[in-house]
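For reference, the structure is listed below as structure tokens.
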Amino acid sequence: MAILTGVSMQNRRPLTGWGRTNATVAEVIEVPNHEVAAAVKEAGPRGALVRGLGRSYGDAAQNAGGLVLRLLGSAHQAVLDPSLATVTVPAGVNLDELLRVLVPRGFFVPVTPGTRFVTIGGAIASDIHGKNHHVEGSFGNHVRALTLLLADGSTVVIGPQQQPELFWATIGGMGLTGVILDATVGLLPIETSRMSVDTTRIPDLDALFSAMSDGDDDFRYSVAWIDPQAKGRHLGRSVLGRGDHARLDQLGPKELLSPLAYGPKQLASVPPLVPPMGVINHATVAAFNEVWYRKAPLHREGELKGIAGFFHPLDMVSRWNRVYGSSGMVQYQFVVPFGEEEAMRTVIERLSVSGAASFLAVLKRFGAGNDSPLSFPAPGWTLALDVPGSARGLADLLHGLDRLVLDAGGRHYFAKDGRTTAAAIRQGYPRLEEWKAVRDSVDPEHVWQSDLSRRLGLTD
Amino acid sequence: MDNALGEPQTILLLGGTSDIGLAIVREVLSPGARTVVLACRNVEKGELAAAGLRHGGLAVHVVHFNGSDTASHEQVIADVVAQHGDIDLAILAFAQLGDGAVTSKDVQAASEIAHVNFTGTVSATIAVANRMRGQGHGAIVMLSSVAGERVRAANPVYGGTKAGIDGFAQGLGDALAADGVHMMVVRPGFVHSAMTQGLKAAPFSTTPEQVAAVTAKGLRAGRRTVWAPGILRYVFSALRHVPGPVWRRLPLG
Ligand SMILES: Cc1cc2nc3c(=O)[nH]c(=O)nc-3n(C[C@H](O)[C@H](O)[C@H](O)COP(=O)(O)OP(=O)(O)OC[C@H]3O[C@@H](n4cnc5c(N)ncnc54)[C@H](O)[C@@H]3O)c2cc1C
Ligand SMILES: NC(=O)c1ccc[n+]([C@@H]2O[C@H](COP(=O)([O-])OP(=O)(O)OC[C@H]3O[C@@H](n4cnc5c(N)ncnc54)[C@H](OP(=O)(O)O)[C@@H]3O)[C@@H](O)[C@H]2O)c1
């Protein structure tokens, strides 16, 4: 149990996001849900924030000079209602723990990101999306109710029908409306723990746009991995992976012995002391991307894969973010509306000639957005890629891309951002003022603060 | 807040009309920068400098600041924070060279220089550091000088103050690291600026812009000390060990 010492100097430590850039120091304490209100009372002028597993790439889960809370909680406290297909779970529980409880019982989370090491709180606060966004929307669409601890220490239970304004301001609200203590989330019933996957090699960007536009809706899950260094007529060459949970009748005799078996292991860890840029440079990345593309099948249907292999390939190497060395990495993710395919092409073109070494980029076709004023997904195309923080000319390159994205009516994803500007956010999120009004109504003193909120003027 | 590329949003220049200081500000400005505060003893002169910096969405403010008036320092810094929020980067660039021939002999003149350059710098730095400790982040650039690396007969008072603040900044920097505050000491050689106008340039002389480039690069890389130009690091690692009689006769400008 945590000993509450207020904002003493005892637990001060540096925090960064997953990109390992720009550390700031905060008082970090772990608290069970019933002690959160008391802990928040001790927050000083720098306010308080909850941190999940710190899988945001930038500064969303940091609060320099203030209080940072980590919620204790276990998946064993989850309450599954099989008849309604819902689970009620403490917000500090992460998807890795939860899947280990749910999958053997025949249920799957409604949305999973590219890593299962995110908490329920983080999934709601960032309104995360997965490979199924085009048909099932983002995480917030599946939250039936949540308990929110407000700045004054009181708690409210809210949902799409209970205080919908506050509910939607909390979905995608980046922890700035209060602390989500628990949530009830709709689940997907599954027959097996295997995925049935179709894989297709796509030669260029136009072919990719049309393959996704024409075929995505036939699949629950779809995402393309693009080689960001391919140029000219190869621009946008990619591997499109689509699929769904396998049904029992799709399993072979061996798999049928344990249709819901699930127990992913982490295979390896990148040693903590990788020489700066020792592993990643333009040549090694280009070689990797080339091999990866050639290795993919031209077209293959109905391949059975595990959940981890399909959704969370990066989780096989723990702490892989360390390969980027001491200057860390920046993730760049944006969405542009349908009809702005040329803007997407220009972005990929500029990246391909920039020399900023990047592993595979992920391109996805989003479906409809939801009612949250700060939710990122909107109908259109989204691209996400990692760039080493030390890449030459990176600031100018990304600033130029910001312009293209905003001019195309697009926007950037808070959970990935570490470098865009308050002006870019105002332009990309036209409902920002509406969100601020709701936030101010429950947190007039701005108790909830983060490095991201200061940098982007969300708590000015 | 700094962003993920280490670009500061709010910059405070103490010695707001310093040629070197202003060059550093220009060098670290990015599209994400929001506010620059120039703290100047001469506000009118400061306004001219501010006009040269203003563009687009960047707000540039001038506040009155006297490096010798140590009693006022905490208030000046408190006002800046109250108006503009966190200070991401503070640059300590105020100092006076004085006339070495005079300050070596005149008690009053010597103690005035020592007071501004050393006591004033220490006081203003502590006031900034206290804020940054509370913020849990921030960077301080301390303009030291090679003149303090091995103090020369020609200007012992100035050189002595630079040696003093150099050591002070290193020690304070180590103390601040645990609080997320980064101190970087910059040791330029002879820089063509208002301070050195009319003086004969020493070997390896440089410009404010070059000092600024070295400073910005050092900040991004998280360095604790940089020299400008970089070669001076090696020159001085040799000069430090030159025997006294030889040192005194070296033609160092
Ligand atoms: C390898 C990798 C792949 C990823 N793939 C995807 C993807 O496909 N799709 C996608 O959408 N995202 C993706 N992400 C981003 C990730 O899903 C989000 O950043 C997510 O929010 C991280 O959850 P977390 O628990 O680590 O939260 P943190 O990063 O710790 O915090 C994120 C935000 O949530 C807030 N928060 C956390 N807990 C609570 C709570 N209990 N109450 C209120 N606010 C809270 C924090 O204050 C902060 O603002 C990926 C990240 C990685 C590292
Ligand atoms: N130039 C060099 O060769 C050189 C070499 C190594 C290190 N440095 C150091 O670099 C820093 C900047 O110098 P610079 O070359 O840019 O010279 P500069 O242009 O003369 O800058 C010095 C600044 O200090 C200000 N100042 C002096 N006394 C002050 C006081 N009492 N209160 C407030 N401000 C005061 C000056 O204000 P006014 O404009 O009103 O006079 C001016 O803004 C100094 O610390 C200097 O020691 C310079």
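The values are calculated or read from the model by the stated rules, or taken from the named source; none is laboratory data. The shown structure was predicted, so the numbers you read here are calculated from the model rather than taken from an experiment. Note: ideal-geometry Cβ built from the backbone for every residue, glycine included; neighbour counts use all protein chains shown. Remember, those area values only see protein heavy atoms, side chains included, never the ligands or the DNA or RNA. Shrake-Rupley method; radii C 1.70, N 1.55, O 1.52, S 1.80 Å.
Filter region B:35-58 down to the residues that are in contact with a His (Cβ under 8 Å, 6 or more places away or on another chain) and within 14 Å of chain A (Cβ to nearest Cβ) and list them by number. Please lay out each step first, then the result.
Initially, region B:35-58 is screened for residues in contact with a His (Cβ under 8 Å, 6 or more places away or on another chain), giving B:35-41, B:43, B:50.
Hit for region B:35-58 is B:THR35, nothing else.
Any idea which of A:LEU49, A:LEU98, A:LEU69, A:LEU80 is within 14 Å of chain B (Cβ to nearest Cβ) and either small (Gly, Ala, Ser) or outside any loop (DSSP other than H, G, I, E, B) (or both)? Please lay out each step first, then the result.
Working: A:LEU98 fails: within 14 Å of chain B (Cβ to nearest Cβ); A:LEU69 fails: within 14 Å of chain B (Cβ to nearest Cβ); A:LEU80 fails: within 14 Å of chain B (Cβ to nearest Cβ).
The match here is A:LEU49.
Hey, any hits in region B:174-181 for a residue that's touching a Ser or Thr at 6+ places or on another chain (Cβ under 9 Å) and away from ligand 2 (no atom under 12 Å from the Cβ)?
Pass one, region B:174-181, residues touching a Ser or Thr at 6+ places or on another chain (Cβ under 9 Å): B:180.
Of the ones still in play, those that are also away from ligand 2 (no atom under 12 Å from the Cβ) are B:180.
Yes, the conditions are met somewhere in region B:174-181.
For A:SER74, work out the one condition from (1) among the polar types (S, T, N, Q); (2) within 14 Å of chain B (Cβ to nearest Cβ); (3) surrounded by fewer than 16 Cβ atoms within 10 Å (Cβ to Cβ) it doesn't fulfil.
Here A:SER74 clears every test but (2).
Any residue in region A:299-319 that is farther than 22 Å from A:HIS129 by Cα, open to solvent by less than 10 Å² (accessible area, probe 1.4 Å), not in a helix (DSSP H, G or I) and not polar (S, T, N, Q)?
No, region A:299-319 contains no residue that is farther than 22 Å from A:HIS129 by Cα, open to solvent by less than 10 Å² (accessible area, probe 1.4 Å), not in a helix (DSSP H, G or I) and not polar (S, T, N, Q).
Hey, any hits in region A:49-61 for a residue that's farther than 24 Å from A:TYR324 by Cβ and charged (D, E, K, R)?
First, pick out the residues of region A:49-61 that are farther than 24 Å from A:TYR324 by Cβ: A:49-50.
Okay, now just the ones that are also charged (D, E, K, R), so none.
No, region A:49-61 contains no residue that is farther than 24 Å from A:TYR324 by Cβ and charged (D, E, K, R).
Which one of these is out of contact with any helix residue (DSSP H, G or I) (no Cβ under 8 Å at 6 or more places or on another chain), closer than 25 Å to B:ILE126 by Cβ, open to solvent by 50 Å² or more (accessible area, probe 1.4 Å) and more than 14 Å from chain A (Cβ to nearest Cβ): B:GLN170, B:GLN197? Steps first, please.
Working: B:GLN197 fails: closer than 25 Å to B:ILE126 by Cβ.
Sole residue among the options that is out of contact with any helix residue (DSSP H, G or I) (no Cβ under 8 Å at 6 or more places or on another chain), closer than 25 Å to B:ILE126 by Cβ, open to solvent by 50 Å² or more (accessible area, probe 1.4 Å) and more than 14 Å from chain A (Cβ to nearest Cβ): B:GLN170.
Looking at region B:1-34, which of its residues are within 14 Å of chain A (Cβ to nearest Cβ) and hydrophobic (A, V, I, L, M, F, W, C)?
B:MET1, B:ALA4, B:LEU5, B:VAL28, B:LEU29, B:ALA33
What number of residues within region A:372-426 satisfy the criterion of being within 12 Å of chain B (Cβ to nearest Cβ) and closer than 13 Å to A:LEU456 by Cα?
So the count comes out to 10.
Report yes if B:VAL76 is closer than 19 Å to B:THR35 by Cα, among the aliphatic types (A, V, I, L, M) and surrounded by fewer than 23 Cβ atoms within 10 Å (Cβ to Cβ), otherwise no.
Values: closer than 19 Å to B:THR35 by Cα: yes; among the aliphatic types (A, V, I, L, M): yes; surrounded by fewer than 23 Cβ atoms within 10 Å (Cβ to Cβ): yes.
Yes; evaluated as a whole, the condition is true for this residue.
Which of the numbered conditions does A:GLY236 fail, given that it passes all the others? Conditions: (1) on the phi < 0 side of the Ramachandran plot; (2) surrounded by 13 or more Cβ atoms within 10 Å (Cβ to Cβ).
That leaves (1) as the condition not met.
Looking at A:SER354, A:SER390, A:SER326, which one is more than 17 Å from A:GLY130 (Cα to Cα) and in contact with a Leu (Cβ under 6 Å, 6 or more places away or on another chain)? It would help to see each step written out before you state the result.
Numbers: A:SER390 fails: in contact with a Leu (Cβ under 6 Å, 6 or more places away or on another chain); A:SER326 fails: in contact with a Leu (Cβ under 6 Å, 6 or more places away or on another chain).
Step by step, each of A:SER354, A:SER390, A:SER326 is checked, and only A:SER354 is more than 17 Å from A:GLY130 (Cα to Cα) and in contact with a Leu (Cβ under 6 Å, 6 or more places away or on another chain).
Looking at this structure, is A:ALA38 more than 15 Å from ligand 1 (Cβ to nearest atom), more than 25 Å from the chain's Cα centre (by Cα) and touching a residue at least 24 places away in the same chain (Cβ under 8 Å)? Before the answer, list the steps.
Values: more than 15 Å from ligand 1 (Cβ to nearest atom): yes; more than 25 Å from the chain's Cα centre (by Cα): yes; touching a residue at least 24 places away in the same chain (Cβ under 8 Å): yes.
When the stated conditions are applied, A:ALA38 passes them.
Looking at (1) over 30 Å from A:THR420 (Cα atoms); (2) open to solvent by less than 40 Å² (accessible area, probe 1.4 Å); (3) assigned to a loop (DSSP other than H, G, I, E, B), find the lone condition where A:PRO113 falls short.
(1)
Would you mention how many residues in region A:385-406 are open to solvent by less than 10 Å² (accessible area, probe 1.4 Å) and over 20 Å from A:ARG454 (Cα atoms)? Break it down into steps so the answer makes sense when it comes.
First, pick out the residues of region A:385-406 that are open to solvent by less than 10 Å² (accessible area, probe 1.4 Å): A:385, A:387-388, A:394, A:398, A:401-402, A:405.
Adding the requirement that they be over 20 Å from A:ARG454 (Cα atoms) leaves A:385, A:387-388, A:394, A:398, A:401, A:405.
Count: 7.
Which pairs do you get when a residue that is free of Cβ contacts under 8 Å to residues at least 60 places away in the same chain and in the same structural domain as A:LEU385 (by TED's automatic domain parsing), found in region A:355-368, comes within reach of a residue that is surrounded by fewer than 21 Cβ atoms within 10 Å (Cβ to Cβ) and in a loop (DSSP other than H, G, I, E, B), reach meaning Cβ atoms under 9 angstrom, with the pair 6+ apart or on two chains?
A:ALA356/A:ARG392; A:ALA356/A:GLY393
Within region B:26-37, can one find any residue that is over 21 Å from A:ASN22 (Cα atoms), near ligand 2 (Cβ under 9 Å from one of its atoms) and crowded, with 22+ Cβ neighbours inside 10 Å?
So far as region B:26-37 goes, no, none of its residues is over 21 Å from A:ASN22 (Cα atoms), near ligand 2 (Cβ under 9 Å from one of its atoms) and crowded, with 22+ Cβ neighbours inside 10 Å.
Scan region B:48-64 for residues that are open to solvent by 80 Å² or more (accessible area, probe 1.4 Å) and hydrophobic (A, V, I, L, M, F, W, C) and report the count.
Residues meeting the conditions: 1.
For region B:30-145, which helices (runs of 4 or more DSSP H) that fit wholly inside it have 1 or more residues that are touching a Cys at 6+ places or on another chain (Cβ under 6 Å)? Show your work before the answer.
Values: elements: B:43-53, B:73-84, B:100-103, B:107-114, B:121-135.
Correct list: B:43-53.
Please find, among B:ALA216, B:ALA178, the residue that is touching an Asp or Glu at 6+ places or on another chain (Cβ under 6 Å) and not in a loop (DSSP other than H, G, I, E, B). Reasoning before the result, please.
On the way: B:ALA178 fails: touching an Asp or Glu at 6+ places or on another chain (Cβ under 6 Å).
The unique qualifying residue is B:ALA216.
A:PHE139: open to solvent by 10 Å² or more (accessible area, probe 1.4 Å) and among the aromatic types (Phe, Trp, Tyr), yes or no?
Numbers: open to solvent by 10 Å² or more (accessible area, probe 1.4 Å): no; among the aromatic types (Phe, Trp, Tyr): yes.
Against the criterion (open to solvent by 10 Å² or more (accessible area, probe 1.4 Å) and among the aromatic types (Phe, Trp, Tyr)), A:PHE139 does not qualify.
Do we have any residue at all in region A:327-345 that's within 14 Å of chain B (Cβ to nearest Cβ), open to solvent by less than 20 Å² (accessible area, probe 1.4 Å) and touching a His at 6+ places or on another chain (Cβ under 9 Å)? Steps first, please.
The initial filter retains those residues of region A:327-345 that are within 14 Å of chain B (Cβ to nearest Cβ), namely A:327-333.
From the residues that got through so far, the ones that are open to solvent by less than 20 Å² (accessible area, probe 1.4 Å) too are A:328-333.
Adding the requirement that they be touching a His at 6+ places or on another chain (Cβ under 9 Å) leaves A:332-333.
The answer is yes, given that some residue of region A:327-345 is within 14 Å of chain B (Cβ to nearest Cβ), open to solvent by less than 20 Å² (accessible area, probe 1.4 Å) and touching a His at 6+ places or on another chain (Cβ under 9 Å).
Please name all residue pairs, on different chains or six or more residues apart, with Cβ atoms under 7 Å, provided the first residue is in region B:139-155 and is of a type in the set (Asp, Glu) and the second residue is away from ligand 1 (no atom under 16 Å from the Cβ).
B:GLU149/B:ARG187; B:GLU149/B:PHE236; B:GLU149/B:ARG240
Do we find a residue being touching a Pro at 6+ places or on another chain (Cβ under 8 Å) and either within 28 Å of B:HIS115 (Cα to Cα) or of a type in the set (Ser, Thr, Tyr) (or both) anywhere in region B:148-159? Step through it out loud before you land on a result.
Initial filter on region B:148-159 (touching a Pro at 6+ places or on another chain (Cβ under 8 Å)): none.
The answer is no, given that none of the residues of region B:148-159 is touching a Pro at 6+ places or on another chain (Cβ under 8 Å) and either within 28 Å of B:HIS115 (Cα to Cα) or of a type in the set (Ser, Thr, Tyr) (or both).
From the list A:ASP204, A:ASP214, A:ASP218, A:ASP249, exactly one residue is closer than 20 Å to A:VAL103 by Cβ, modelled with pLDDT of 95 or more and not β-branched (Val, Ile, Thr). Which is it?
Values: A:ASP204 fails: closer than 20 Å to A:VAL103 by Cβ; A:ASP214 fails: closer than 20 Å to A:VAL103 by Cβ; A:ASP218 fails: closer than 20 Å to A:VAL103 by Cβ.
Testing whether each residue is closer than 20 Å to A:VAL103 by Cβ, modelled with pLDDT of 95 or more and not β-branched (Val, Ile, Thr) leaves just A:ASP249.
Which of (1) out of contact with any strand residue (DSSP E or B) (no Cβ under 8 Å at 6 or more places or on another chain); (2) of a type in the set (A, V, I, L, M, F, W, C); (3) open to solvent by 10 Å² or more (accessible area, probe 1.4 Å) is the odd one out, the single condition A:VAL103 does not satisfy?
Evaluating A:VAL103 over (1) out of contact with any strand residue (DSSP E or B) (no Cβ under 8 Å at 6 or more places or on another chain); (2) of a type in the set (A, V, I, L, M, F, W, C); (3) open to solvent by 10 Å² or more (accessible area, probe 1.4 Å) leaves (3) as the failure.
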